[in-house]
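**Q** Have a look at this one.
The values are calculated or read from the model by the stated rules, or taken from the named source; none is laboratory data. Owing to the predicted nature of the structure, the values given are computational and were not obtained by experimental measurement. Neighbour counts run over all protein chains shown; Cβ positions are idealised from the backbone, glycine included. The accessibility values were calculated without ligands, DNA or RNA, using every heavy atom of the protein model including side chains. Shrake-Rupley method; radii C 1.70, N 1.55, O 1.52, S 1.80 Å.
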Amino acid sequence: MKITVIGGGYVGLVSAACFAELGNHVTVIEIDSKKVDMINAGVPPIYEKGLEELLKKHSGKNLVAKSDYNDISLSDISVICVGTPPLKDGSANLSYIKSAAGSIGGEIKKNPGHYHVVAVKSTVPPGTTENIVAKAVLEKTGGNQEDVGFVMNPEFLREGLAVEDFMNPDRVVIGSSDEKAGDVAEKMYENLCARILRTGLSAAEMIKYTSNAFLATKISFSNEIGNICKKLGIDVYEVMGGVGMDKRISPMFLNAGAGFGGSCFPKDVMALVSLAEKIGEKPVLLKSVLDVNETQPLKMVEILEKQTGSLKGKKIAVLGLAFKDNTDDIRESRSIPVIKELILRGALVSAYDPLASSEMRKIYPAINYSNTAGDALTDADGCLVMTEWPEFSRLSSEFDLMKDRVIIEGRRILDITDSEGICW
Ligand SMILES: NC(=O)c1ccc[n+]([C@@H]2O[C@H](COP(=O)([O-])OP(=O)(O)OC[C@H]3O[C@@H](n4cnc5c(N)ncnc54)[C@H](O)[C@@H]3O)[C@@H](O)[C@H]2O)c1
Ligand SMILES: O=c1ccn([C@@H]2O[C@H](COP(=O)(O)OP(=O)(O)O[C@H]3O[C@H](CO)[C@@H](O)[C@H](O)[C@H]3O)[C@@H](O)[C@H]2O)c(=O)[nH]1
């Protein structure tokens, strides 16, 4: 089928490449012309495992990028994948969604009699597809509801594993305004072996927020238990290993340490808090999830300073800048508040990340960036491990290069014994 993907970022580009791999004809509409050129040249603007291979295979054939919205109503479905970043009050900024929906509506108007589905894949608060997207589209089409259907099809991929997650989803949720619209959306996935859940529009929107809030809650819960365990001298990883063996709990997302970063968990929990407060609810638990996550990285610096004494003038190696492994994305990375605190306390930061140094340089141009973990560790008075990069688990003799072997583990990734490193 013919699919138009609006927005060529993490979700849009990965979805577009995977839809092409599934045998569809895909057009990506992206307002950033640099990204358009890169996509058409088969070069991914972001790092994501497996994406380059898919672009090389499909770009210029059944995957094309462009900046204008012309002719999109000739495709069967438009899938909106633009950003929904947080506003100052924590609520989701829906201006990109509104603008994309208006542009789609303008094109649908030019092609009467051709049925087109508008699907939202971006994470949006309940009611958005119906009250903002459909409204913006129908305003442009003059209220013609015959030729258009609406779908909310949330995306659950994780960065770093995006292609794999897209191709092997636990479920595909399709919320729709009516059966016909939902059937068109379901067809996009027909070559994928996936469990499909059909719901209403608002339920699909809420499933996405609730999934992220629940996963973030598991992490903050593990961090709180980890902090208690630490005071009691108990290994929280041993504890959570046992807890996660209960099928009702599952072992996933119970890793304590530096807390959660990324463009989704912090933003989506904040948006849910903001939404709850607007309708007169007191989201006590969700607020605590964010509170625990804010203090967690600073705890690492406090533990470090307890070991090293004053950080003033001390060289501190920060291993890992990306918010998680296998990505160059530093959005809400826990390294950001940690580096800020280290600088405030007078430390000399020496950072290393396999992919994300150039991104972090935009925020902290004055700290030292090393080309290897060994360089960052040489003569260091202390080390903080911030990202679960697999290459860090193989580090060993590199720690001998430190002046003092003070290692604070934020991700429990190192293959060193507990007596050598301090972790949750
Ligand atoms: N990043 C993830 O892992 C992930 C996973 C699931 C869901 N989501 C959700 O998906 C949405 C997109 O996230 P992302 O990380 O891909 O964002 P992103 O910022 O990487 O990409 C958004 C893209 O949309 C483009 N854009 C903005 N307005 C446009 C317009 N009117 N027309 C065409 N292009 C436009 C931007 O230039 C940008 O390239 C968000 O709502 C996010 O919460 C993200
Ligand atoms: O046990 C854990 C697991 C993860 N993390 C941290 O949590 C953050 C998020 O990790 P992850 O969920 O793997 O990556 P994201 O790409 O942010 O994916 C989340 O956010 C996406 C955007 O909404 C969703 O689509 C995914 O389902 C959801 O997992 C990272 O900083 C991890 O280091 C922990 O601290 N402990």
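**Q** Can you give the angle from 0 to 90° between the axis of helix 201-232 and the longest principal axis of the chain, with both taken from C-alpha atoms, to the nearest 10?
**A** 10
**Q** With +1 on each Lys and Arg Cβ and -1 on each Asp and Glu Cβ, and nothing else charged, work out how big the dipole of the chain is about its Cα centre, in Debye to the nearest 20. It would help to have the intermediate numbers written out before the result.
**A** Values: 48 positive and 57 negative charges, 134 e Å.
Computed charge dipole of the chain: roughly 640 debye.
**Q** For residue 199, which sequence-distant residues (separation of 5 or more, or a different chain) have an amide H within less than 5 Å of its own amide H, given hydrogens modelled in the peptide plane?
**A** It is 174, 175, 176, by chain and number.
**Q** With each label point set 7 Å from Cα along the Cα-Cβ vector, what nm distance links residue 371 and residue 179?
**A** Roughly 6.4 nm, to one decimal.
**Q** Separate question: Pick out, from 193, 177, 153, the residue whose Cα sits farthest towards the positive end of the charge dipole of the chain, with +1 on the Cβ of Lys and Arg and -1 on the Cβ of Asp and Glu.
**A** The residue sitting most towards the positive pole is 177.
**Q** Going by accessible area, probe 1.4 Å, with all protein chains left in place, what is the ranking of 25, 114, largest first?
**A** Greatest to least solvent exposure: 25, 114.
**Q** Now for a different question. Can you tell me the length gained on complete extension of the stretch residue 168 to residue 238, counting 0.36 nm per residue apart and subtracting the Cα distance?
**A** Values: separation 70, 0.36 × 70 = 25.20 nm, distance 2.97 nm.
Contour length minus Cα-Cα distance gives 22.2 nm.
**Q** When a/c reaches 1.5 or more, the comparison of a/b and b/c decides; with that in mind, is the range 52-92 rounded, prolate or oblate per its Cα gyration tensor? Intermediate values should be presented prior to the final figure.
**A** Working: a/c = 3.29, a/b = 1.71, b/c = 1.93.
Verdict is oblate for the range 52-92.
**Q** Return the single residue from 66, 362, 208 with maximal mean-square fluctuation; model: Gaussian network over the chain, springs between Cα atoms under 10 Å.
**A** In the Gaussian network model the winner is 362.
**Q** For the Cα atoms of the chain, what angle does the longest principal axis make with the long axis of helix 95-109, in degrees from 0 to 90, nearest 10?
**A** 20
**Q** Quick one: Debye curve from the alpha-carbon atoms of the range 298-421 only, equal weights, vacuum; give me log10 I(q)/I(0) at q = 0.14, 0.16, 0.19 Å⁻¹ to two decimals.
**A** Calculated log10 I(q)/I(0) at the listed q: -0.49, -0.66, -0.97.
**Q** I'd like the Karplus ³J(HN,Hα) series for the range 111-121: coefficients 6.51, -1.76, 1.60, θ = phi - 60°, whole numbers in Hz, and an x wherever there's a Gly or Pro.
**A** Once rounded to whole Hz, the list reads 10, x, x, 9, 6, 9, 9, 9, 10, 9, 9.
**Q** Of the candidates 408, 234, 46, which one comes out as most mobile in a Gaussian network treatment of the chain with C-alpha springs shorter than 10 Å?
**A** 234
**Q** As a test question: what accessible area, to the nearest 10 Å², does residue 288 have when a 1.4 Å probe is rolled over all protein chains in place?
**A** Approximately 50 Å² for this residue.
**Q** Tell me, how many Å apart are the Cα centres for the range 144-218 and for the range 19-39?
**A** 20
**Q** Run the simple label-point estimate for residue 131 and residue 396 please: 7 Å along Cα→C-beta, distance reported in nm.
**A** Going from the residue 131 label point to the residue 396 one covers 5.9 nm.
**Q** Would you mind getting the accessible area per residue of the chain, heavy atoms of the protein chains only, 1.4 Å probe, in Å²? Don't skip to the end; give the middle numbers.
**A** On the way: 18980 Å² over 424 residues.
Heavy-atom accessible area per residue stands at 45 Å².
**Q** Note down the relative contact order for the range 2-199 as a percent, whole number, built from C-alpha pairs under 8 angstrom at least six residues apart.
**A** On the way: 399 pairs, mean separation 40.3, N = 198.
Relative contact order for the range 2-199 comes out at 20 percent.
**Q** Can you tell me the relative contact order of the chain? Whole percent, Cα pairs under 8 Å, sequence separation 6 or more.
**A** Values: 884 pairs, mean separation 48.4, N = 424.
For the chain, the relative contact order is 11 percent.
**Q** Exposed loop sites here are GluC sites (Glu not before Pro) in DSSP loop states with at most 14 other C-beta atoms within 10 Å. What is the longest stretch of the chain lacking them?
**A** Numbers: sites that count: 146, 190, 281, 420.
Answer from the scan: 1-145.
**Q** Right, another one. Taking 25 °C and 0.890 mPa s as the conditions, I'd like the Stokes-Einstein D for the chain in µm²/s, using the Kirkwood hydrodynamic radius from alpha carbon pairs. Don't skip to the end; give the middle numbers.
**A** Numbers: Rh = 22.9 Å.
In µm²/s, the coefficient rounds to 107.
**Q** Would you work out the charge dipole size for the range 188-246 about its Cα centre, treating the Cβ of every Lys and Arg as +1 and the Cβ of every Asp and Glu as -1, and quote it to the nearest 20 debye?
**A** Using Cβ point charges on Lys, Arg, Asp and Glu, the range 188-246 gives about 120 debye.
**Q** Top mean-square fluctuation among 263, 310, 91, Gaussian network model of the chain, C-alpha springs under 10 Å?
**A** The residue that fluctuates most here is 310.
**Q** Using the basic label-point model (7 angstrom from Cα toward the beta carbon), what is the residue 139 to residue 302 distance in nanometres?
**A** 4.9
**Q** Between rounded, prolate and oblate, where does the range 170-295 land on the alpha carbon gyration tensor, with a ≥ b ≥ c its root eigenvalues, rounded for a/c under 1.5, else prolate if a/b exceeds b/c? Before the final figure, lay out the partial values.
**A** On the way: a/c = 3.15, a/b = 1.66, b/c = 1.89.
Oblate, because a/c is 1.5 or more while a/b does not exceed b/c.
**Q** Taking only Cα atoms, what is the 0 to 90° angle, nearest 10, from helix 10-21's long axis to the longest principal axis of the chain?
**A** The two axes meet at around 60 degrees.
**Q** Quantify, in whole percent, the carbon and sulfur part of the accessible surface of the chain (1.4 Å probe; protein heavy atoms only). Don't jump to the answer; show the numbers that get you there.
**A** Working: 10230 of 18980 Å².
On the chain, the fraction of accessible area on carbon and sulfur atoms equals 54 percent.
**Q** Now for a separate question. Hey, can you grab everything whose amide H is under 5 Å from the amide H of residue 331? Only 5+ residues off in sequence or another chain; H modelled, so Pro and N-termini drop out.
**A** Here 323 satisfy the definition.
**Q** Provide the gained length on full extension for the span residue 378 to residue 295, in nm with one decimal, where the gain is 0.36 nm per separating residue minus the Cα-Cα distance.
**A** Working: separation 83, 0.36 × 83 = 29.88 nm, distance 2.87 nm.
Here the segment from residue 378 to residue 295 would lengthen by 27.0 nm.
**Q** Once amide H atoms are built 1.01 Å from N in the peptide plane, which residues 5 or more positions from residue 117, or in another chain, come under 5 Å H to H?
**A** 77, 78, 149
**Q** Now, a different point. Going by accessible area, probe 1.4 Å, with all protein chains left in place, what is the ranking of 245, 206, 402, largest first?
**A** Working: 245 155, 206 75, 402 15 Å².
Largest to smallest exposure gives the sequence 245, 206, 402.
**Q** Go through 399, 253 and list them by solvent-accessible area, largest first, probe radius 1.4 Å.
**A** Values: 399 0, 253 60 Å².
Sorted descending by solvent-accessible area, the residues read 253, 399.
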